[in-house]
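Here is the structure we will look at.
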Amino acid sequence: MNFSLNRELLLKPLLLVSGAVERKSTLPILGNILLDVSGDSLTLTATDLELEMVSYTQVENHAEDGQITVPARKLLDICKSLPENSMLTFTSDNDVIRLSTGRSKYSLSTLPATDFPNIDEWKGDVEFKLLKSELLRLIESTHFSMANQDVRYYLNGMSIETENNEIRSVATDGHRLAICKIANDSLALPARQVIVPRKGILEIIRLLSPVDEEIQVFLGSNHIRIIDQEFSFTSKLVDGRFPDYRRVLPRNGDKVLETDKDQLRQVLSRASILSNEKFKGVRLNFNQSELKITANNPEQEQAEEEIEINFPYEELEIGFNVSYVLDVLNAIKDSEVKFTLADANSSVVIEGCNSGEALYVVMPMRL
């Protein structure tokens with residue numbers, strides 16, 4: 001098997017698939033990328049048995065079709081360090097592949113393509129098309145609320161739900177909840193819920209750019225697949241039941257505060273500097289005309305911030321993990337935010353004042 005192509009034509013698909021390469025695997029083949037030459041097209045595939053990434057490029061003056069697996073990290077590092085627009089020639093010989101360009105020559109050890117694991121063929125039973133920018137917004141609005149290595153394994157991922165003309169993303173770690181929904185009148189979808197694992201979600205964020213190009217999404221019983229002109233991404237799903245988050249949405253909030261998002265974010269960021277490093281607690285004291293934010297830590301240091309607000313209710317004191325509130329404020333795109341509160345022991349609902357497509361719930365902290 002031998003073929004040639006320009007460095008730029010190889011580097012982009014290599015970077016795309018490299019996210020699925022398993023770095024600390026006991027199976028050496030998972031550290032390799034499968035190269036498959038057929039006609040004038042080259043397909044690159046990487047997998048860690050949970051995710052599979054496939055991308056495509058064109059080759060020039062190829063001699064014969066063939067498949068081989070090569071060390072992913074080494075090939076990527078070589079390509080990155082070669083001069084721009086280098087012409088690369090690959091020649092495989094037994095269990096070695098030789099790469100030459102100009103006066104540079106490299107030989108890499110290979111493993112047989114027959115040993116490379118393939119995610120089984122499957123059919124998606126729910127299919128829809130979305131703009132990349134919409135799918136990215138759906139995931140970026142909620143991904144920070146996913147759990148990380150929680151024993152409740154079904155929380156270490158994101159619930160993607162379809163129903164009629166709506167697609168929703170939901171993430172929770174038990175202390176906070178994030179929901180985002182996108183409605184599209186051209187969709188007519190069955191009611192379906194799947195849990196995409198954390199690694200898959202982070203990989204989708206890496207792959208997508210906020211552009212108005214359509215992308216295809218397929219949901220199966222065990223997999224999700226996203227297909228673009230440049231790549232195909234497949235992830236196994238988490239086998240479990242996502243909690244019924246509708247039951248925990250606070251319904252008793254009778255105090256509403258609307259305020260400038262950036263101003264609130266700045267004072268919370270400053271106060272967080274002197275909060276307890278482990279628990280990140282800040283105290284919020286609401287009265288009719290001002291919000292007082294205080295934080296302190298075991299070293300007896302204290303921060304105090306005040307902003308003017310309009311809060312025509314009785315005074316209220318409530319504690320929060322400041323990181324959770326800042327995550328929400330960073331995710332909301334609107335310039336004004338709305339807090340809906342009940343009392344010191346009830347969760348707060350946070351949303352943008354204008355868009356209404358994302359909703360966040362944060363549980364209070366005892367301080």
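The values are calculated or read from the model by the stated rules, or taken from the named source; none is laboratory data. Only a predicted model underlies this, so the values are computations on that prediction, with no experimental measurement involved. Reconstructed Cβ throughout: ideal geometry from the backbone, glycine too, with neighbour counts over all protein chains shown. Please note that ligands, DNA and RNA were not included when accessible areas were found on the heavy atoms of the full protein model with its side chains. Shrake-Rupley method; radii C 1.70, N 1.55, O 1.52, S 1.80 Å.
List of remarks:
- Out of Asp262, Asp212, Asp173, one residue alone is touching a residue at least 40 places away in the same chain (Cβ under 8 Å) and out of contact with any strand residue (DSSP E or B) (no Cβ under 9 Å at 6 or more places or on another chain). It is Asp262.
- Among the candidates Ile215, Ile201, the residue that is open to solvent by less than 50 Å² (accessible area, probe 1.4 Å), farther than 30 Å from Asn321 by Cβ and touching a helix residue (DSSP H, G or I) at 6+ places or on another chain (Cβ under 7 Å) is uniquely Ile215.
- Any hit, region 149-170, residues being part of a loop (DSSP other than H, G, I, E, B), open to solvent by 70 Å² or more (accessible area, probe 1.4 Å) and within 28 Å of Leu34 (Cα to Cα): no
- Unmet requirement for Gln302, which otherwise passes all of (1) of a type outside the set (Val, Ile, Thr); (2) surrounded by fewer than 14 Cβ atoms within 10 Å (Cβ to Cβ); (3) without any contact (Cβ under 8 Å) to a residue 24 or more places away in the chain: (3)
- Of the residues making up region 32-41, at least one is more than 30 Å from Lys236 (Cβ to Cβ), more than 23 Å from the chain's Cα centre (by Cα) and touching a residue at least 12 places away in the same chain (Cβ under 8 Å).
- Strands (runs of 3 or more DSSP E) fully within region 175-239 counting 2 or more residues that are within 16 Å of Glu134 (Cβ to Cβ), in contact with a Leu (Cβ under 7 Å, 6 or more places away or on another chain) and of a type outside the set (Phe, Trp, Tyr): 176-183, 214-219
- Subset of region 110-127 that is in a helix (DSSP H, G or I) and touching a Ser or Thr at 6+ places or on another chain (Cβ under 8 Å) - its residue that is farthest from Thr45 (Cα to Cα): Asp115
- Just one of (1) closer than 30 Å to Lys123 by Cα; (2) touching a Phe, Trp or Tyr at 6+ places or on another chain (Cβ under 8 Å); (3) surrounded by 14 or more Cβ atoms within 10 Å (Cβ to Cβ); (4) of a type in the set (Lys, Arg) fails for Arg241. It is (3).
- Taken over region 337-363, the criterion of being surrounded by fewer than 18 Cβ atoms within 10 Å (Cβ to Cβ) and either touching a Ser or Thr at 6+ places or on another chain (Cβ under 7 Å) or in a helix (DSSP H, G or I) (or both) is satisfied by Met363 alone.
- In the set (1) in a loop (DSSP other than H, G, I, E, B); (2) open to solvent by less than 40 Å² (accessible area, probe 1.4 Å), Glu277 fails one condition alone, (2).
- Looking across region 240-272, the residues that are of a type in the set (A, V, I, L, M, F, W, C) and part of a loop (DSSP other than H, G, I, E, B) come down to Phe242, Leu249.
- Selection within region 1-56: residues that are of a type in the set (Lys, Arg) and out of contact with any strand residue (DSSP E or B) (no Cβ under 7 Å at 6 or more places or on another chain). The member of this set that is modelled with the highest pLDDT is Lys12.
- All conditions but one from (1) out of contact with any helix residue (DSSP H, G or I) (no Cβ under 9 Å at 6 or more places or on another chain); (2) under 30 Å from Asp120 (Cβ atoms) apply to Asn61; the one that does not is (2).
- Region 96-140 - residue that is within 27 Å of Asp36 (Cα to Cα) and touching a helix residue (DSSP H, G or I) at 6+ places or on another chain (Cβ under 8 Å) and, of those, surrounded by the fewest Cβ atoms within 10 Å (Cβ to Cβ): Asp115
- Unique residue being small (Gly, Ala, Ser) and surrounded by fewer than 17 Cβ atoms within 10 Å (Cβ to Cβ) when the list is Ala72, Ala63: Ala63
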